[in-house]
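Asks: One structure, pasted below without further comment.
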Amino acid sequence: MAALLLTTFLCTCVRAQSLDSLKAELRQENPKLRALDLDYEAAMRVSGQLNQLPDLEIGAGVFVLPVETRTGPQQFRIGATQMLPWPGKLAAMASVADARARPLLQKAAALQLTLIYRLEKAYFSLAGLQDRRVVLEESLRLYESLEQLALARVESGKGSSVDVYRVQLQSQQTERQLAELRYLVRQEMVVINELLNRPADTQVSAELNVAERVAETLDFAPDLAADDPDLSQHPGLLIFRQQQAINELAIELTKLDQRPDFGVGVDYIAVGQRDDAEPAGNGRDVILPRAMVRIPLSKRKFTAKRQEEEVRIRALDARREATENEFRAAIRRALNAIDNAANELSFFGEQTRVLDATLAIARSEYANGQRAFDELLRLENQLIDLRTRAVMARTTILLQRAVIDRYLITN
């Protein structure tokens, strides 16, 4: 019963998850994405702070030396002033603030693509390492059968024990390679768990049909190479247009800044009564309505501001063009790498078929004493090397497909 519970526990520690499920978990759990969402939410609160009238100004004063008037001495003054910006200015300020928040959405989308690319890269590398492990484990079985063949030759007096030791050395080297693969697998698991905000030692197993994914990529790549992909909706490019929208709104706000601002106010002045006379309205308090206008006198600063924003718009056009060129160059490099890996994969397949047939003959000839052990061992090593290189070529195709998906937004 205890052994059964232990086996069940070990099985549950290893998560075999599809790539799509990991992507969905990343979108929900990654703290960097959550932080950008909160940054956007905070930035959207700024417009509510700007779309308000300026604070009401209230002042009071006492006449230390009262000013004598016909109706009596002025004793103290209380006043209130409210500035009124040019119509539309407050709404324009709020629009600029909202526009400054929108690029955060594109920044979050671009970050999500980058994180998903890192996830795919680690996931495909993990799948490749799992396939390499299968090749190495099969290699151990090949070396074991070769060792049995060499032992049979030694027992019959037709072979040398040196051949047995050489096979054992090859087996030990393969076991060391397996240990190295286990280390590399743990490294990729750490990357995946970091992206998903999980404990670093959480076990992950790639649930992927590599051959099917590779075939799909090889069908997809030629069509993409022949077409000019549309990258206009990539968030890394959309963000430049939204930044230009900020500059355009800033120009409109500058036009409103050149308009005068108005102000209204009222003062209440308390007046004391005269003792030396009784004029009409003796001691009557004063209520003084006021109106003000603030007129910008220098226009040059507004002209300079408009020119600054126009130059920034042109600079963003140049940056967008440079970024799009980088994206297209990355896609082209990935397509070239896929094409090269596909050619290698075809070559390795042909070579493997020839070697399989050659090895079958070589084993028989070695058992009958017609072929040297060195040549048989060399052929076995060539076969293992070809299988390993084929796995690496398939992994290269998947990794380069991840690069393409990063820019074509196919996640």
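The values are calculated or read from the model by the stated rules, or taken from the named source; none is laboratory data. This one's a predicted model, so the numbers in the text were calculated from it and none came from an experiment. Glycine gets a Cβ as well: all are built from the backbone with ideal geometry, and neighbour counts include every protein chain shown. The accessibility values were calculated without ligands, DNA or RNA, using every heavy atom of the protein model including side chains. Shrake-Rupley method; radii C 1.70, N 1.55, O 1.52, S 1.80 Å.
Asks: Confirm whether residue 347 is under 45 Å from the mean Cα position of the chain (by Cα), in a helix (DSSP H, G or I), among the aromatic types (Phe, Trp, Tyr) and surrounded by fewer than 17 Cβ atoms within 10 Å (Cβ to Cβ).
Replies: Against the criterion (under 45 Å from the mean Cα position of the chain (by Cα), in a helix (DSSP H, G or I), among the aromatic types (Phe, Trp, Tyr) and surrounded by fewer than 17 Cβ atoms within 10 Å (Cβ to Cβ)), residue 347 qualifies.
Asks: Here is a further query. Take residue 38 and decide whether it is open to solvent by less than 40 Å² (accessible area, probe 1.4 Å), among the hydrophobic types (A, V, I, L, M, F, W, C) and within 25 Å of the chain's Cα centre (by Cα).
Replies: no
Asks: Okay, moving on. Determine, yes or no, whether residue 139 is touching a Leu at 6+ places or on another chain (Cβ under 8 Å), part of a helix (DSSP H, G or I) and small (Gly, Ala, Ser).
Replies: no
Asks: Could you tell me whether residue 363 is at pLDDT below 95, part of a helix (DSSP H, G or I) and basic (Lys, Arg)?
Replies: Here the answer is yes, as residue 363 does meet what is asked.
Asks: Any residue in segment 369-380 that is in contact (Cβ under 8 Å) with a residue 40 or more places away in the chain, farther than 30 Å from residue 156 by Cα and not in a helix (DSSP H, G or I)? Talk me through it step by step, then tell me what you get.
Replies: Keep residues of segment 369-380 that are in contact (Cβ under 8 Å) with a residue 40 or more places away in the chain, which gives 369, 373, 376-377, 380.
Narrowing the set further to residues that are farther than 30 Å from residue 156 by Cα leaves none.
Scanning segment 369-380, I find no residue that is in contact (Cβ under 8 Å) with a residue 40 or more places away in the chain, farther than 30 Å from residue 156 by Cα and not in a helix (DSSP H, G or I), so the answer is no.
Asks: Can you list the helices (runs of 4 or more DSSP H) lying wholly within segment 152-268 that have 2 or more residues being open to solvent by 60 Å² or more (accessible area, probe 1.4 Å) and hydrophobic (A, V, I, L, M, F, W, C)?
Replies: It comes to 161-195, 210-226.
Asks: If you don't mind, another one. Within segment 148-181, can you find the residues that are free of Cβ contacts under 8 Å to residues at least 12 places away in the same chain, farther than 19 Å from residue 381 by Cα and either basic (Lys, Arg) or touching a Leu at 6+ places or on another chain (Cβ under 8 Å) (or both)?
Replies: If the condition is that a residue be free of Cβ contacts under 8 Å to residues at least 12 places away in the same chain, farther than 19 Å from residue 381 by Cα and either basic (Lys, Arg) or touching a Leu at 6+ places or on another chain (Cβ under 8 Å) (or both), then no residue fits.
Asks: For segment 114-129, enumerate the residues that are among the aliphatic types (A, V, I, L, M) and either farther than 19 Å from residue 213 by Cβ or surrounded by fewer than 19 Cβ atoms within 10 Å (Cβ to Cβ) (or both).
Replies: Passing the criteria: only 115.
Asks: Next up: Only residues that are hydrophobic (A, V, I, L, M, F, W, C) and either part of a helix (DSSP H, G or I) or open to solvent by less than 70 Å² (accessible area, probe 1.4 Å) (or both): list them for segment 293-308, please.
Replies: Start the filter on segment 293-308 by keeping residues that are hydrophobic (A, V, I, L, M, F, W, C), which leaves 293, 295, 297, 302, 304.
Listed by number, the residues that qualify are 302, 304.
Asks: Please go through segment 293-344 and give me each residue that is among the aromatic types (Phe, Trp, Tyr) and closer than 20 Å to residue 233 by Cβ, ordered by number.
Replies: Within segment 293-344, 327 is the sole residue that qualifies.
Asks: Go through (1) in contact with a helix residue (DSSP H, G or I) (Cβ under 6 Å, 6 or more places away or on another chain); (2) over 30 Å from residue 255 (Cα atoms); (3) open to solvent by 60 Å² or more (accessible area, probe 1.4 Å); (4) in contact (Cβ under 8 Å) with a residue 60 or more places away in the chain and name the single condition residue 320 misses.
Replies: (2)
Asks: Moving to a separate point now. Only one of these is open to solvent by 20 Å² or more (accessible area, probe 1.4 Å) and touching a Ser or Thr at 6+ places or on another chain (Cβ under 8 Å): 70, 102, 132, 77. Name it.
Replies: 132
Asks: Identify all residues within segment 278-335 that are among the acidic types (Asp, Glu) and more than 34 Å from the chain's Cα centre (by Cα); write none if there are none.
Replies: 278, 285
Asks: Which condition number in (1) open to solvent by less than 50 Å² (accessible area, probe 1.4 Å); (2) farther than 30 Å from residue 384 by Cα; (3) not aliphatic (A, V, I, L, M) is the one that residue 276 fails?
Replies: Residue 276 satisfies all of (1) open to solvent by less than 50 Å² (accessible area, probe 1.4 Å); (2) farther than 30 Å from residue 384 by Cα; (3) not aliphatic (A, V, I, L, M) except (1).
Asks: Taking the residues in segment 270-279 that are in a loop (DSSP other than H, G, I, E, B) and in contact (Cβ under 8 Å) with a residue 40 or more places away in the chain as candidates, determine which candidate is nearest to residue 79 (Cα to Cα).
Replies: Going through the qualifying residues, I end up with 272.
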